[in-house]
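Novice: I'd like to ask some things about the structure below.
Any read-out appearing in this document is the output of simple, stated calculations on the displayed coordinates, not a laboratory observation. For clarity, every value in this text was computed on a predicted model and none was experimentally measured. Neighbour counts are summed over all protein chains in view; Cβ atoms, including those assigned to glycine, are modelled from backbone coordinates with ideal geometry.
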């Protein structure tokens with residue numbers, strides 16, 4: 001289970017003078033629960049796109065252990081992401097017309113034609129674990145809270161080393177959001193995965209161990225969560 | 001790679017657009033298919049219709065018109081040929097039979113053809129399906145599709161089918177026999193003794209019209225000697241005929257006869273050779289129609305590509321999400337390509353069926369009008385056509401697939 005380290009990472013967008021992201025150094029130890037907050041446009045999404053290998057920085061190193069994502073081609077980064085990263089997004093991105101179970105199994109199906117029966121059993125167990133009672137139900141008929149829980153099950157199916165969640169509770173009510181936040185932390189701990197959460201949700205931040213604050217593409221605060229409440233309030 | 005269930009769910013979700021694309025492709029395919037099937041049916045049908053006609057001899061003029069009129073009974077005036085030709089042919093030892101065909105009258109849109117009794121049997125495939133051949137001037141044998149029963153009465157109308165004209169009041173034919181169906185224009189013909197046609201038009205000996213009134217005892221003998229005699233041997237002063245259909249005894253005889261009568265003032269043709277030339281023309285028309293159909297298909301394929309490109313823009317978020325979830329780029333390519341191909345494939349299959357139905361409907365209509373049975377059937381070249389269409393579509397589907405493949409994937413696009 002590798003650590004994440006960023007070195008001299010810069011990302012600029014055409015037409016913008018200031019870099020969208022400028023991180024001289026960042027180290028996240030394996031198994032850390034990290035919250036990333038900041039106003040919109042601060043570079044949070046840019047940061048996650050980089051650490052899951054969806055985009056590459058203009059310069060710098062983004063290393064998971066010995067693997068430098070900044071130096072890998074698109075195909076290698078796809079393979080890395082499929083093997084090591086579980087992703088939960090604000091809008092769930094479940095696929096209508098498929099059952100909850102088929103949605104959970106979808107990422108596995110991209111890589112092999114024949115599905116390992118053990119994987120299917122694991123998907124069913126995970127759905128039960130996240131509290132989705134009817135795995136064969138079409139996903140569009142579920143409640144929003146259930147949908148995000150299906151997405152969480154999908155993210156951990158392939159035993160990722162890192163779980164990345166982009167505003168996982170932002171489109172849920174407080175109760176459903178709490179349930180999803182609890183599941184993310186519990187599953188990350190059970191799978192021994194690093195958990196990186198981009199969020200505005202103070203209650204979700206409170207469940208994390210470390211709190212990173214980005215403003216204008218720079219890290220302005222990086223504190224343990226025990227003292228993060230005050231920092232979060234200061235930022236607002 | 002991309003699970004089938006995902007593609008199906010996707011197409012189900014977008015069913016309205018998918019249906020529109022399938023129908024568009026189906027219609028374009030049907031157009032091309034129908035042209036191809038119809039042309040082949042026309043070729044097969046006309047070749048079969050000309051099968052029984054060895055040599056057609058007529059007055060010098062257009063070979064094509066001679067065949068169209070004598071074999072396909074197309075209504076058009078032919079120049080008359082001197083009656084001595086008929087007499088000479090009938091008495092030629094190389095000839096099995098020489099049947100005159102004389103036109104000029106019709107009955108309710110069906111051509112009345114003057115000929116000899118032997119040909120009435122021959123034109124119907126060698127046997128009658130009911131009744132007997134004509135044996136008197138006022139008897140007629142009808143084709144299989146003529147809506148008259150035995151004993152029915154035919155009052156000839158002067159003029160070819162479709163032309164206006166006066167009704168001949170001098171004679172009414174009585175149906176005495178019906179030919180077996182042949183799938184040729186002769187199924188719609190009414191065959192009567194050529195002598196009756198001659199007389200009706202005042203040709204040959206201007207005898208009084210023989211009366212055959214029931215109960216009139218004198219009818220058999222009271223009509224003036226040999227005027228009741230039908231068919232060969234022909235008299236010295238045989239009236240002119242537009243065409244003679246000749247059956248030779250051997251193939252060598254057929255070639256010799258054709259050579260002998262090719263010189264003016266007569267014309268002798270094998271219907272097949274004329275048909276081959278006609279198919280050449282038909283082929284040109286088919287090429288044109290086929291070109292139009294192909295153009296329609298090309299337009300449809302371009303339209304499909306355009307629609308997929310626009311549609312793809314709306315699916316950027318879905319595709320980005322799939323990539324974020326770990327789908328490799330080739331899976332995205334496969335997804336878009338398979339969806340386009342599924343629609344094109346379904347459209348092509350549906351189009352082949354629709355084209356077949358359309359060709360069948362046109363063929364049925366043509367059969368009703370001309371009597372020529374047109375066999376609409378699939379042939380290996382139709383598969384080649386479909387394979388070509390799918391091949392082009394497979395290439396064209398790469399365009400949106402490559403666009404999807406190259407689309408940068410990032411999360412956060414979705415909001």
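Novice: May I ask you to work out the translational diffusion coefficient for the range B:56-145 at 37 °C, viscosity 0.692 mPa s, via Stokes-Einstein with Rh from the Kirkwood sum over Cα pairs, reported in whole µm²/s?
Specialist: 228
Novice: Right, next: Beyond 27 Å, what percent of the Cα pairs of chain B remain?
Specialist: 62
Novice: For chain B, modelled as a GNM with alpha-carbon contacts under 10 angstrom, which of B:402, B:142, B:113 fluctuates the most?
Specialist: B:402
Novice: At 222 nm, what helix-only mean residue ellipticity would the protein assembly as shown give, in deg cm²/dmol to the nearest 500, using -39500 (n - 2.57) for each DSSP H run of four or more?
Specialist: After summing the helix terms and dividing by the residues of the protein assembly as shown, the value is -14500 deg cm²/dmol.
Novice: Taking only the alpha-carbon atoms of the range B:1-157, what semi-axes of the equivalent ellipsoid follow from 5 times the gyration tensor eigenvalues under a square root, in whole Å, largest first?
Specialist: Ellipsoid half-lengths, sorted descending, are 52, 20, 15 Å.
Novice: For helix A:144-156, what angle does its Cα long axis make with the longest principal axis of chain A, in degrees from 0 to 90 and rounded to 10?
Specialist: 80
Novice: Let me ask you something else. Neighbouring Cβ atoms within 10 Å as the yardstick, rank B:63, B:170 fewest first.
Specialist: The order, fewest Cβ neighbours first, is B:170, B:63.
Novice: I've got another one for you. Which percent of Cα-Cα pairs in the range B:353-395 sits in each 5 Å bin, short to long?
Specialist: Once binned at 5 Å, the Cα pair distances of the range B:353-395 give 6, 20, 19, 18, 15, 11, 7, 4, 1.
Novice: May I ask you to sort B:316, B:286 by Cβ crowding, counting other Cβ atoms within 10 Å and putting the fewest first?
Specialist: By the 10 Å Cβ count, ascending, the order reads B:316, B:286.
Novice: At 7 Å along Cα-to-Cβ for each site, give me the label-to-label distance between residue B:20 and residue A:25 in nm.
Specialist: 5.9
Novice: Counting pairs of alpha carbon atoms under 8 Å apart in space and at least six apart in sequence, what relative contact order in percent does chain B give?
Specialist: 29
Novice: Return the FRET efficiency for the residue pair residue B:390, residue A:40: r is the Cβ-Cβ distance, R0 is 35 Å, and the value is rounded to the nearest 0.05.
Specialist: 0.15
Novice: Still on this structure, I have one more. Can you compute the radius of gyration and Dmax for the range B:328-410, using only the Cα atoms, both in Å?
Specialist: That works out to 19.2, 68 Å for Rg and Dmax.
Novice: Consider all pairwise Cα distances in chain A and report the whole-number % of them above 25 Å.
Specialist: That tail contains 41 percent of the Cα-Cα pairs.
Novice: Counting pairs of alpha carbon atoms under 8 Å apart in space and at least six apart in sequence, what relative contact order in percent does chain A give?
Specialist: This gives 26 percent for chain A.
Novice: Please report, in whole Å, how far the alpha carbons of the range B:297-374 spread along each principal axis, starting with the longest.
Specialist: The Cα atoms of the range B:297-374 stretch 67, 19, 15 Å along the principal axes, largest first.
Novice: Once label points are set 7 Å from the Cα along Cα→Cβ at both residue B:316 and residue A:66, what is their separation, rounded to one decimal in nm?
Specialist: For the pair residue B:316/residue A:66, the computed spacing is 3.9 nm.
Novice: Also, I was wondering about something else. Which residue, B:236, B:260, B:36, has the most motion in a Gaussian network model of chain B that connects Cα atoms within less than 10 Å?
Specialist: Residue with maximal mean-square fluctuation among B:236, B:260, B:36: B:236.
Novice: At each listed q (0.17, 0.20, 0.27 Å⁻¹), what is the log10 of I(q)/I(0) that the Debye formula gives for the range A:160-214 modelled as equal alpha-carbon point scatterers?
Specialist: -0.48, -0.67, -1.18
Novice: Moving to a separate point now. Connecting C-alpha atoms closer than 10 Å in a GNM of chain B, tell me which of B:129, B:106, B:370 has the biggest fluctuation.
Specialist: B:129
Novice: Right, here's the next one. Using the count of nearby Cβ atoms within 10 Å as a rough guide to exposure, how do B:81, B:179 rank from fewest to most?
Specialist: In increasing order of surrounding Cβ atoms, one gets B:81, B:179.
Novice: Testing the spin-label approximation: label points 7 Å from Cα along Cα→Cβ at residue B:60 and residue B:349. State their distance in nm.
Specialist: 6.2
Novice: Between residue B:48 and residue A:115, how high is the FRET efficiency from 1/(1 + (r/R0)^6) when r is the Cβ-Cβ distance and R₀ = 60 Å? Nearest 0.05.
Specialist: 0.55
Novice: For the range A:96-188, would you read off the P(r) tail past 16 Å as a percentage of all alpha carbon pairs?
Specialist: 51
Novice: Enter the per residue convex hull volume of the range A:128-236, computed from alpha-carbon coordinates, in Å³ rounded to the nearest integer.
Specialist: Convex hull of Cα atoms, per residue: 116 Å³.
Novice: Given the alpha-carbon gyration tensor of the protein assembly as shown, what are the semi-axes of its equivalent ellipsoid in whole angstrom, ordered largest first, with each equal to the square root of 5 times an eigenvalue?
Specialist: So the equivalent ellipsoid measures 92, 23, 18 Å along its semi-axes.
Novice: Report the calculated FRET efficiency for residue B:255 and residue B:365 (r = Cβ-Cβ distance, R0 = 45 Å), to the nearest 0.05.
Specialist: The computed FRET efficiency comes out at 0.75.
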